[in-house]
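Below: one structure, written as structure tokens.
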Amino acid sequence: MYPPIEAYDSGMLDVGDGNRVYWETSGNPDGVPAVALHGGPGSGCVPGMRQLFDPQKYRVVLFDQRGCGRSRPYAGDPSVDLHTNTTDHLIADLELLRAHLRIDRWVVVGWSWGTTLALAYAERHPDRVAALVLTAVTTTTPREVQWITRDVGRLFPAEWARFRAGAPEADRDGSLVDAYARLLADDDPAVREKAALDWCEWEDSHVNLGPEPRHRLVAATPEFRMCFARLVTHYWRHAAWRGEGELLSGVAEIAHIPAVLIHGRLDVSGPPDIAWQLAQRWPAAQLHIVPGMGHESGGAMGALGVEALDTFAAL
């Protein structure tokens, strides 16, 4: 990773529908433009994301997707309507931001949910994408949502049993993501807060392969947990508003664009077959399945991301 740097410019972009999106730029103002897409949905961008980019070579653009981070209105407020918060809205926001910053083409970098958004954006606007670096690859299909909310529970039986028990009894054998979305919209604040906590506890469980519990989301503020849980369930229950296999089929639109796909061999949250299937249809993509790594972005996976970005900067 490169040393920490500060943003040299930032702002709030009006993207319509009453939404204002936070953005920032760092690195070299005359460098290769690159945009970083955070995970979640709903996590927001963090300063450490800047460190994958050579600050002498890249003009780094970070932004908080609709409803999260410093963007407003904030989805942590249960009264905020999410009907104008969809994958297509985020793609349009990216295009507005690119035009606002007077960028012709940029390198698109994404992590986890950000890889789904990166693929959807690139397939819609391939002429605006110079290259892609995708880590912990997902496509947010119904099959993937079923895996992450039910099937992977076989590897975390006690944690999944608690997660399932958080849903109303009548919903426990159906769609858990739909059940939690309804709980998060309940009139009772206590019901909403418990649902957000239960959702975040499950998320913390299945992304952690270490011997000790990690409470990244559970330890966050109640407002952050509510924002995260509302946006994740909103996007997952709609399968990112894409049909089963749609993003995989759409690789034909970007097969000529150079890409590096980085995925943990032990990623049980999003199994490696997702990245592998994309790579089979993507002649210009290089796939790294990283031994010993799970659903994460640091360590050996971060090093591969830096290496890929250094290569693309040289091109």
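The values are calculated or read from the model by the stated rules, or taken from the named source; none is laboratory data. Note that the structure is a prediction, hence the values are computed from the model and not measured. Because the Cβ atoms are built from the backbone with ideal geometry, glycine has one as well, and the counts that use them run over all protein chains shown. Keep in mind that these areas ignore ligands, DNA and RNA; they rest on the heavy atoms of the full protein, side chains included. Shrake-Rupley method; radii C 1.70, N 1.55, O 1.52, S 1.80 Å.
Of all the residues that make up segment 5-20, how many are over 19 Å from VAL46 (Cβ atoms) and open to solvent by 30 Å² or more (accessible area, probe 1.4 Å)?
Residues in segment 5-20 being over 19 Å from VAL46 (Cβ atoms) and open to solvent by 30 Å² or more (accessible area, probe 1.4 Å): 4 in total.
Considering only segment 147-154, I want to know if a residue exists there that is without any contact (Cβ under 8 Å) to a residue 40 or more places away in the chain, part of a loop (DSSP other than H, G, I, E, B), open to solvent by less than 20 Å² (accessible area, probe 1.4 Å) and more than 30 Å from GLU95 (Cα to Cα).
Within segment 147-154 (the criterion being without any contact (Cβ under 8 Å) to a residue 40 or more places away in the chain, part of a loop (DSSP other than H, G, I, E, B), open to solvent by less than 20 Å² (accessible area, probe 1.4 Å) and more than 30 Å from GLU95 (Cα to Cα)), the answer is no, since none of the residues qualifies.
For GLU203, are the conditions met, namely being within 27 Å of ARG281 (Cα to Cα), touching a residue at least 24 places away in the same chain (Cβ under 8 Å) and open to solvent by less than 60 Å² (accessible area, probe 1.4 Å)?
no
Taking the options ARG70, ARG66, ARG59, ARG20, name whichever one is more than 25 Å from THR139 (Cα to Cα) and within 17 Å of the chain's Cα centre (by Cα).
ARG70
Residues to consider are GLU193, GLU253; find the one that is open to solvent by 30 Å² or more (accessible area, probe 1.4 Å), modelled with pLDDT of 95 or more, in contact with an Asp or Glu (Cβ under 8 Å, 6 or more places away or on another chain) and among the charged types (D, E, K, R).
After ruling out the rest, the residue left standing is GLU253.
For segment 121-144, enumerate the residues that are part of a helix (DSSP H, G or I) and surrounded by 24 or more Cβ atoms within 10 Å (Cβ to Cβ).
Result: TYR121, ALA122.
Go through segment 48-76 and count every residue that is in contact (Cβ under 8 Å) with a residue 60 or more places away in the chain, in a loop (DSSP other than H, G, I, E, B) and farther than 24 Å from PRO4 by Cα.
Looking only at that region, the number is 4.
Of everything in segment 2-24 that's in contact (Cβ under 8 Å) with a residue 60 or more places away in the chain and of a type in the set (A, V, I, L, M), which residue is nearest to ALA92 (Cα to Cα)?
The extreme case among them is VAL15.
Considering segment 177-190 alone, what residues qualify as being over 19 Å from ALA165 (Cβ atoms) and either open to solvent by less than 40 Å² (accessible area, probe 1.4 Å) or assigned to a loop (DSSP other than H, G, I, E, B) (or both)?
Passing the criteria: ALA185, ASP187.
Looking at segment 256-276 only, could you name the residues that are part of a loop (DSSP other than H, G, I, E, B) and open to solvent by 60 Å² or more (accessible area, probe 1.4 Å)?
The answer is HIS256, ARG265, LEU266.
Scan segment 277-306 for residues that are part of a loop (DSSP other than H, G, I, E, B), open to solvent by less than 20 Å² (accessible area, probe 1.4 Å) and modelled with pLDDT of 95 or more and jot them down.
The answer is TRP282, and nothing else.
Please tell me if PRO213 is without any contact (Cβ under 8 Å) to a residue 12 or more places away in the chain, open to solvent by 70 Å² or more (accessible area, probe 1.4 Å) and not β-branched (Val, Ile, Thr).
yes
Please identify the pairs in which a residue from segment 298-315 that is among the aromatic types (Phe, Trp, Tyr) has its Cβ atom under 7 Å from the Cβ atom of a residue that is open to solvent by less than 20 Å² (accessible area, probe 1.4 Å), counting only partners at least 6 apart or on another chain.
Here the result reads PHE312/VAL107; PHE312/ALA131, each pair linking segment 298-315 to a residue that is open to solvent by less than 20 Å² (accessible area, probe 1.4 Å).
Let's see how each residue does on (1) modelled with pLDDT under 95; (2) within 23 Å of GLY250 (Cβ to Cβ); (3) open to solvent by less than 10 Å² (accessible area, probe 1.4 Å); (4) in contact with a Gly (Cβ under 6 Å, 6 or more places away or on another chain):
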| site | (1), (2), (3), (4) |
| --- | --- |
| SER71 | no, no, yes, no |
| LEU82 | no, no, no, no |
| THR86 | no, yes, no, no |
| LEU90 | no, yes, yes, no |
| ARG98 | no, yes, no, no |
| ARG105 | no, yes, no, no |
| GLY110 | no, yes, yes, no |
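Quick one: ALA239 ticks every box in (1) more than 18 Å from GLN65 (Cβ to Cβ); (2) surrounded by fewer than 22 Cβ atoms within 10 Å (Cβ to Cβ) bar one, so which box is it?
(1)
Which ones in segment 219-235 are assigned to a loop (DSSP other than H, G, I, E, B) and either open to solvent by 30 Å² or more (accessible area, probe 1.4 Å) or basic (Lys, Arg) (or both)?
ALA219, THR221
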